[in-house]
Amino acid sequence: MKRKITVAITGMNAGESPQPGPAVARSLREAKDYDFTLVGLIYDAMESGVYYNGLLDAAFLIPYPSSGTEEMFERIEAINNKIHIDVLIPTLDAELSAYSKLESRLLQLGIKLFLPTEDQLSSRSKLHLPELTRDLHLQMPNQKCIGSYEELSKMFNEFSPPVVVKGIYYEAGIANDYSECKRIAGKITSKWGWPIILQERIVGGEYDLAMFGDGSGSVIGEIAMKKMALTEKGKAFSGMTINDENIYKIGKSFVSRTKWRGALELEFVKETKSEMYYLIEINPRFPAWIYLSSAAGQNLALAYVEMALGLKSKTFDRPNAGIFFVRHAIDLVSDLNRLEELSVNSECFIERKKYETQ
């Protein structure tokens, strides 16, 4: 008889900039050894993953992290009283620090997580990334932290355009001159505030490495892919698994030296001339393309659940090269009652329909 486990997942929107939640849920739906009840913890009733028939069993609206950890905890406690949560998987950058702070309190409710430590979250932030890469002897582009338009006008001249303009949490753009840089900075700061990052642009192909660390320096699973096509926002529209020892070596060294705990995505540019990998970003959670790991035989979302529950998760073999994905937009159709329940009651329970891999 399959073990019954209830897992709550955040980040359930699969729109233009897809969040990781739907891919995490798809991966768990395909795990053969467990009977999962999947709960979406959402910030907006229009998060599309809620309307993906067969994916979720329930959904609950939760407060934004900006409301503070106490309000977040009280809401999750109330949800837990209605549908007991065994494991919680946060998938969004902006909420990870709050959940890391709440991990011990949630454990008292019987809710288990497997997250990076607060020190690990701080060290990998875009602000501290240069220091971390220097300590680990990794290559990364030159970058500057910018706190105002006045500072932006001074620092821009230290770079040779084009330059990458990044928000601390989300969004980025490429500026070919100062006026374009100022426009992109204005767009980012209007949503997320200062500071922003100016980063040297390395010319080359983009690569990602998703990993899962056991917290003691070992890697449970890893999958590297080359981005084959990008959206206008620079997100992977399609990609293919690769078997490049150099990128895996960098990842293993990072996990070993930091003793990384939980999910991780390393983003690289492989410079065309030197063929050297430059680390441009570290994301302390599953990427939106993580379903590729499950399709390639490495169900890293399942590894999270097993590690959180204290079960022995197997160490996965490296996936074969040449496994390909492409994003596909479809219209999700649902009864209006589901949207009304969420809008009025901040919750809905969903009748399980047959789940089919799409």
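Going by a ≥ b ≥ c, the root eigenvalues of the Cα gyration tensor, does region 142-200 fall in the rounded group (a/c under 1.5), the prolate group (a/b larger than b/c) or the oblate group?
In terms of gyration-tensor shape, rounded.
Could you tell me how far the Cα centroid of region 296-315 sits from the Cα centroid of region 1-73, in Å?
Centre-to-centre distance over Cα atoms comes out at 17 Å.
Could you line up 348, 181, 145 from fewest to most neighbouring Cβ atoms inside 10 Å? Walk me through the numbers before you get to the answer.
Details: 348 21, 181 26, 145 16.
The order, fewest Cβ neighbours first, is 145, 348, 181.
List 326, 24 from most exposed to least, where exposure is judged by having the fewest other Cβ atoms within 10 Å.
326, 24
Going through region 145-238, which GluC sites (Glu not before Pro) have at most 12 other Cβ atoms within 10 Å and a DSSP loop state?
232
Considering every pair of different Cα atoms, what Kirkwood radius, in Å, is found for the chain?
With all distinct Cα pairs of the chain included, I get 21.1 Å.
Mark the label point 7 Å from the Cα of residue 232 along Cα→Cβ and return the residues of region 168-183 whose backbone N is within less than 11 Å of it.
none
Helix-only estimate, please: 222 nm mean residue ellipticity of the chain, summing -39500 (n - 2.57) across DSSP H runs of length 4 or more and dividing by its residues, to the nearest 500.
-9000 deg cm²/dmol
Just to confirm the filter: which GluC sites (Glu not before Pro) across region 14-77 are DSSP coil and have at most 11 other Cβ within 10 angstrom of their Cβ? Display every interim value, and only then the final one.
On the way: sites: 16, 30, 47, 70, 71, 74, 77; in loops: 16, 30, 47.
When the GluC sites (Glu not before Pro) of region 14-77 are filtered for loop state and at most 11 Cβ neighbours within 10 Å, 16 remain.
Over region 52-207, what number does the Rg to Rh ratio reach, with both radii from the alpha-carbon atoms and Rh per Kirkwood?
Here the Rg-to-Rh quotient is 1.07.
Most exposed first by the Cβ proxy, i.e. fewest other Cβ within 10 Å, how do 41, 107 rank?
By the 10 Å Cβ count, ascending, the order reads 107, 41.
Going 7 Å from the Cα of residue 203 along its beta-carbon direction, which residues of region 277-302 have the amide nitrogen within less than 17 Å of the resulting point?
Residues 277-278 fall inside that zone.
If I histogram all Cα-Cα distances within region 204-305 using bins 10 Å wide from 0, what percent of pairs lands in each bin?
Result returned by the calculation: 16, 51, 29, 4, 0.
Expected output is a single nm value to one decimal: the length gained when fully extending between residue 334 and residue 117, i.e. 0.36 nm times separation in residues minus the C-alpha distance. What is it?
74.2 nm is the gain from fully extending residue 334 to residue 117.
Would you please classify the overall shape of region 46-133 from the alpha carbon gyration tensor, given that a ≥ b ≥ c denote the square roots of the eigenvalues, rounded means a/c under 1.5, and beyond that prolate means a/b larger than b/c while oblate covers the rest?
Prolate shape, in that a/c is at least 1.5 and a/b is the bigger ratio.
Lys and Arg at +1, Asp and Glu at -1: add these up for the other residues within a Cβ distance under 14 Å of residue 1 and post the number.
+2
From the residues 225, 290, 181, which one has its Cα farthest along the dipole of the chain in the positive direction, the dipole being from +1 and -1 charges on Cβ of Lys/Arg and Asp/Glu about the Cα centre?
225
Note down the nm distance, to one decimal, between modelled labels 7 Å out along Cα→Cβ at residue 256 and at residue 320.
The two pseudo-label positions are separated by 2.9 nm.
Please report, in debye to the nearest 20, how large the charge dipole of the chain is about its Cα centre when each Lys and Arg carries +1 at its beta carbon and each Asp and Glu carries -1 there. Walk me through the numbers on the way to the answer.
On the way: 42 positive and 47 negative charges, 146 e Å.
Dipole about the Cα centre, nearest 20: 700 debye.
When N is the residue count of region 117-256, what does its C-alpha Rg come to as a fraction of 2.2 N^0.38 Å?
1.15
Run through the DSSP bridge list for the chain and note the antiparallel percent, rounded to the nearest 5.
Looking only at bridges with both residues in the chain, the antiparallel portion is about 75 percent.
Read-outs throughout are calculated quantities, based only on the coordinates presented, and are distinct from any laboratory measurement. Fair warning: this is a prediction, and the values are worked out from it, not measured in the lab. With ideal geometry, Cβ positions are generated from the backbone for all residues, glycine too; neighbour counts draw on all protein chains shown.
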